[in-house]
Structure formats: C-alpha cells, structure tokens
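The values are calculated or read from the model by the stated rules, or taken from the named source; none is laboratory data. Values in this document were obtained by computation on a predicted structure and should not be read as measured data. Positions of Cβ are generated from backbone atoms using ideal geometry, with glycine treated the same way; all protein chains shown enter the neighbour counts. Ligands, DNA and RNA are excluded from the accessible area calculation, which covers all protein heavy atoms including side chains. Shrake-Rupley method; radii C 1.70, N 1.55, O 1.52, S 1.80 Å.
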Amino acid sequence: METTGRRLLRYALSYKKHIIMALIFLALAVCAEMIGPFVAKSVIDNRILGIEKPWYQVAEKMPYSAEYEGNYYKREGRFQAGEEKGRQVRILQIGRTYYWIGEPVDRTDGKKEAADGAVTISEEWGRASYPAKALSREELYPFYKPEFPGLLMMTGSYFGLLVIGAAFTYGQRLFLQTAANRIVQKMREDVFSRLQRLPIGYFDNLPAGKVVSRITNDTEAVRELFVAVLANFFTGIVYIAAVLGALFILDKRLVLFALPMVPILIVWIAVYRRIAGRYNKVIRSKVSDINGMINEAISGMPIIQAFRREKKTEQEFEAHNRELYEYQTKMLNLNSITSHNLVNFLRNTIFLLVIWLFWGGTLGTFVSVGVLYAFVDYMNRMFQPIVGIVNQLTNLETARISAERVFQVLDEKGDDVAEGTIPRYKGSVAFEHVFFAYQEREWVLRDISFQACQGETVALVGHTGSGKSSIMNLLFRFYDVEEGRITIDGQDIRSIPRQHLRAHMGIVLQDPFLFTGTIATNVSLNDPAISRERVEQALRAVGAYEMFLKLPGGIDAPVIEKGSTLSSGQRQLISFARALAFDPAILILDEATASIDTETESLIQQALDVLKKGRTTFVIAHRLSTIRQADQILVLDHGRIVERGTHEQLMEAGGKYYGMYQLQLGSAAAAGIS
C-alpha cells in the first residue's frame, strides 16, 4: 500500500503547474535576496571603509580624485589603465577620528593608537609609528564625495532587490496557496464521493460526528500542510542551500560555521516526529470523539433534557475534553523544548563565536568588516527559514495524522456508481433459503423463503428484532445475504448494480428524512426527470396538496434540516408523495403509519390504494389493522417465518398472529373505554 507521503504527492502532482510556478518564483525570490548581502558588503568595504585603502597622488583633478592641501589624490582600485600613480599616502580611522599619514604604511592589521601627532600600529609582528594629522570634517569630506553617487546607486539597488524579492515571494505564496486550496477541494470531493459509495454497515460503526470530522477538520489540516508546512519547508531548504552557496563564494572558511546546522536540523526533525507522532494520533482521535459526541448530543437534546441527563452528558464531555487537554499539554511541552528559542540560542552562539574570533584576530586577518556583516546577514536569512521549519513541525505531524485518517476513508471498499439505467423490472420478488448476520454467524435471519408476485402486497409482522427491517435491508442491498439468494423477476439481485436495482424501488420510513430545501424539492429530490406537474400530481394523489397550499409559499415553503418545523403527519405525506413521484416497481413501507394520528392515517390509507397499483408492496406493520387487505402476511419470530397467509387464514389458524391481533384489539378497546 502506498505511504501517506506518496499519496499526498500524487494529489500535489495533479496541480503541478501551480507548484512548479511557485518553486520558480521562490527560486527567483531567493536569488534576489541572496544578492543583497553582497551589495551590502561592497558598500561597506568599498564605499565606506574603502577610505583606508592606499591613496596615490595624481597630477591633476580627475574622476574619483580628492583634493587635500592643494594636491590631488586618488584611491587604489579607482585608477584607469595608463593613469600614473604618485607617492602613496594613507588615511586611517581610530575611534571616530580619521588621521592623515603622508607616507606608505606597511601593515594595518593590529592595534592602532594616536598620540602626540603620531599613529602607532602594534601586533605580534612588531610595532610601527607614523607621523599623522587628525582630519577635520571639511578635510575628510572630499575623500568621501567621489563615492556618494555609487553609494546611492548601490543603496537603491539593495532596496530594489528587497522589493523584487517581496514581489516574487507574493507570487510564490499565491501559486502555492492556490494549489493547496485546489488539492484540498479535490480531496474533500473524493472523500464525500467515497462516502456516497460506502455500504450502510460502515456508518453503523462510525458516528456521524467522526465522519464529519474527517471531511472538515482533517482535510483542513491537510490544507495547512500545503499552505504553511510545505511552503516553509520548501523555502527553508532553498534558503539554506542558497546561503551555504553564498557563504562558500564569500569565504570558504565561513561555511564551516554554518554547515553543522544541517545535520542538527535533520536529527532535530527526526526526534521531534518520533515523539510528536504518538501525541498527535491521540489528539486527532480525541477531537474526532468530541465532534461525534457534540453531534450526538445536539441530535438527542430532547431526550437528554427529558430524562435529565444534562449533568451526566456534561461529565462525559469533560472526560473527553480533559484527556484531550492532557495530550495537548504534552505537545505544548514538547514544542516549548524544541521551539525556535533553541534555534535562536544556536544562532547567537555562532555569532558570539565568530565575533570573538574576529576581534581576537583569528578571523580579523582575512575577514573584512563587510564580509563579517554579510556573514551575519546571511546567517540571519538562513536561521529565519529554520525557525519557520521548526515552528511548522507541529502542523506537519498534525497534517500527516489527519491525512492518514482521510486516506482510511478513501481506502474503504465501496461500490462504483453504475452508468446508465436498466428497464423497469416487473417486481416479482423471491427469497430462497436466505441466511443473514450483521456479526459473523450471529444469525438475524434464518432460512427465509417466500415469493411476492408483481402487484401483490406482502406484510411483515413480528416482535422487535424479529428480522422485519433486515429483510428490507437485504432487498435494497444495503447488505448482501450470507447464504441463499434473493431474485427479482428471476434474476439474482447481486448481479444487478446497486444503483440500477434501487432505481425502481421506493421506500417510506417510520421517521421520514427531509432535506433542507422546499416541500417540492423534497418530493422530487431535485431529480430533473421529476417535473413540477409530477410533483403536484403526487401530492394530490396522497391528499396533501391542499394542505400544503395553506402554508406561506405553498409547496415552495422552506423546509429546514430534517423538516423539524413540520408535523410528523406532514413529513410522512411528503415521503409518500416522494415515493409516488418516482413511480417504483417495488415499494417498501417501513412502519409508515406507526407514528401517525388516526385522522392522518385515514388519509394515508386512501393514498395507499393509489400507491399499490401496479407495484409490489412490502409493508412492515406495527398496527395489524392496517394490513388486513394484504395479499400475504409473513409472521416472523427470531429471524424465522413461523406463519404465513392472508388475514382471514391466520385468524382462523389461531396462532401467533391471532394472539397479536387480539392483544392489539383489546388494547384499542381498553383505550376507547378509558
């Protein structure tokens, strides 16, 4: 099986153009920023501190020349080919004062002191003294003046590079975030599409809140992986490589101070991931549990309040929340130990070491102030993305665990949506020695055999758990039989794609489900094949059209989640109209009148005659009085058919059905007397 990283890469490659453009912009931004310290080094060493380089007397005023006491001098490095050099002089800075030395100076690397009209330079190599004169600001200015145009140009170039780098960084983030949003959009669509194909059994074992968490929270964490984590990792890797290359060009010896950070960072990430991975698995699982509990609590709030379970539910939530807090605290402690503060400590340690070596003379002999500035600048630029990488380690592990949870859903075996349609079958149904168990070998149905001919009404009765709903679940292929087979018009339903099979089936549940929309859209389910006229005809047929016309908006009245603003009878009438509008060959009524008042039941009974015409109808009945006209009644007990026949036949037999009917009749009579 593919690793999580490979699968994420496969998603990323779906939008490789955006990612490649982001990497190109990133490379250009890094190049623009890497040039900056070189420009700064040149400004410092050549434009600012370059005044301490040797100066030579020239015969006349010329470009880059400076006048002092009636003579003209030009700095080393500014001479053109063929220009003659006169006597050499020097200008040295000691503290904040500049001194004029009218003769060559052999060496300037050492301790400089000025006293009694002389400058003394001393070091291990010895001691040298030169007559010197302190320069005033007016006398010093001509030596700096020739450098001003170049200084301004290079300063402008430096800031220009910053602007260019910012523009490229904007482009890089725009392309990368666009790619990330599209990747997560596709991932969410894939997950939701997979959910539509998963068997009902999957949702029996996973609370709705946890499923929602996979689609929303976990995919959002994956989005952060592409937007923040990978952006920082890509940037960090490119910057580190670029800085090491720039330091190599600047001075090969300085690379030795930066290079150890690479293995330190690799070990750091490996250790962090090992520890954080364990914590994040628990954290994501607990977040999912909390989402599931919140969803369940909201759905069951009437029951919680009716049975005074508020305090108990709150305690259960606090237990989950406490455990989540404990692991988040562990994660916080881990992040505190390995946070960017440790990076700053390493950076400052390197800076102190380099500065100490520089001022101590070990580096000062071959590293200029400009090079030192460039080194510090480059190290800051390298440590900034390192801090970014370290700060994103938490998100990296969170995203990895979340991606695993998302891919667990995508790896669930589902049914592909079948293309096309099949002709409407007649609807003759046969169960042949069917055995079924939700859990292995724990039989819910045992040796079920019966036949329902086209147009017949078959009623299923029995105590709770006798297997009535399981028969319908098998007919709809929400589950498949363990043994035996089920046929429609002689064809095994396992050979028919589930979508084709269900295309000609309709179902009305005891507690009908309504979607957010309108009454009309809940009848048609936005199927383009169901016209407005057909919706109205279906509502009229079940006797509900006039009732709904009295509502504000008529059949276009809004329906909120689950139809909570409508009565049970109104919701049931909508589900009947829905079944009729789709004109199924097989109709299942799952205790459809169990929660309906007597007046509405009478209305629905009239609609049943319309619904049953030309279609095979299965009725799971709680009220036995509603199935007296059924062509066949099957009495189930512990997963077996113990009696079968018409109402009259079963009453004459005086068996289990007779007892159930008499019990209900007696209860109804007692209720009438009271």
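For residue 437, what residues show an amide H to amide H distance below 5 Å, using hydrogens built from the backbone and excluding near sequence neighbours?
Correct list: 444, 482.
Using the heavy atoms of the protein chains alone and a 1.4 angstrom probe, what is the accessible area of the chain per residue in square angstrom?
52
Under a Cβ-Cβ cut-off of 11 Å, what is the net charge of the residues other than residue 371 that fall near it, where Lys and Arg count +1 and Asp and Glu count -1?
Cβ neighbours under 11 Å give a net charge of -1.
Quick check on my link table: of 112/145; 41/112; 17/210; 61/111; 281/413; 61/133, which ones sit more than 28 Å apart, alpha carbon to alpha carbon?
Going by Cα-Cα distance, 17/210; 61/111 fall outside the 28 Å limit.
Could you tell me how many degrees, from 0 to 90 and to the nearest 10, lie between the Cα long axis of helix 598-612 and the main elongation axis, the longest principal axis, of the Cα atoms of the chain?
Compared with the principal axis, the helix lies near 90 degrees.
Measure out, as a whole number of angstrom, how far apart the alpha-carbon centroids of the range 154-171 and the range 482-540 sit.
Taking the Cα centre of each part, the range 154-171 and the range 482-540 sit 63 Å apart.
Relative contact order of the range 1-134, please, whole-number percent, based on alpha carbon pairs below 8 angstrom and at least 6 residues apart.
14
Reported to two decimal places, what Rg/Rh ratio describes the range 415-500 when computed on Cα atoms with Rh from the Kirkwood expression?
Ratio value, two decimals: 0.97.
Arranged from highest to lowest average of other beta-carbon atoms within 10 Å per residue, in what order do the peptides 42-48, 97-103 appear?
Put in order of decreasing packing, that is 42-48, 97-103.
In what sequence, largest accessible area first, do 164, 620 appear using a 1.4 Å probe?
Of 164, 620, the descending order of accessible area is 164, 620.
Taking amide H positions as placed 1.01 Å from N in the peptide plane, with prolines and chain starts having none, which residues 5 or more places from residue 94, or on another chain, fall under 5 Å of its amide H?
99
Amide H of residue 119 versus every other amide H placed in the peptide plane: which residues, excluding those fewer than 5 positions away on the same chain, fall under 5 Å?
Amide H neighbours of residue 119, under 5 Å, 5+ apart: 130, 132.
Any idea what angle helix 261-299 forms with the longest principal axis of the chain, computed on alpha-carbon atoms, 0 to 90 degrees, nearest 10?
30
Give the share of C-alpha pairs in each 10 angstrom bin for the range 34-84, from 0 to the last occupied bin, in whole percents, shortest bins first.
23, 44, 24, 8, 0
Net charge within 9 Å of residue 279 by Cβ-Cβ distance, Lys/Arg positive one each and Asp/Glu negative one each, not counting residue 279 itself?
+2
Run the numbers for residue 298 and residue 248: contour at 0.36 nm per residue of separation, minus the present Cα-Cα distance, in nm.
11.7 nm
Using a simple spin-label model with points 7 Å from Cα along the Cα→Cβ vector, what separation in nm is obtained for residue 48 and residue 623?
9.4
So if I take the centroid of the Cα atoms in the range 450-473 and the same for the range 81-97, what is the distance between those two points in Å?
So the separation of the two Cα centres works out to 109 Å.
What Kirkwood radius, in Å to one decimal, follows from the Cα pairs of the range 145-220?
Kirkwood radius, the range 145-220: 16.9 Å.
Carbon and sulfur together cover what percent of the accessible area of the chain at a 1.4 Å probe radius?
56
Output wanted: per-residue J couplings in Hz (rounded whole) for the range 20-32, from phi through Karplus 6.51 cos²θ - 1.76 cosθ + 1.60, θ = phi - 60°, x for Gly and Pro.
With coefficients 6.51, -1.76 and 1.60, one gets 4, 4, 4, 5, 5, 5, 5, 4, 5, 5, 5, 4, 4 Hz.
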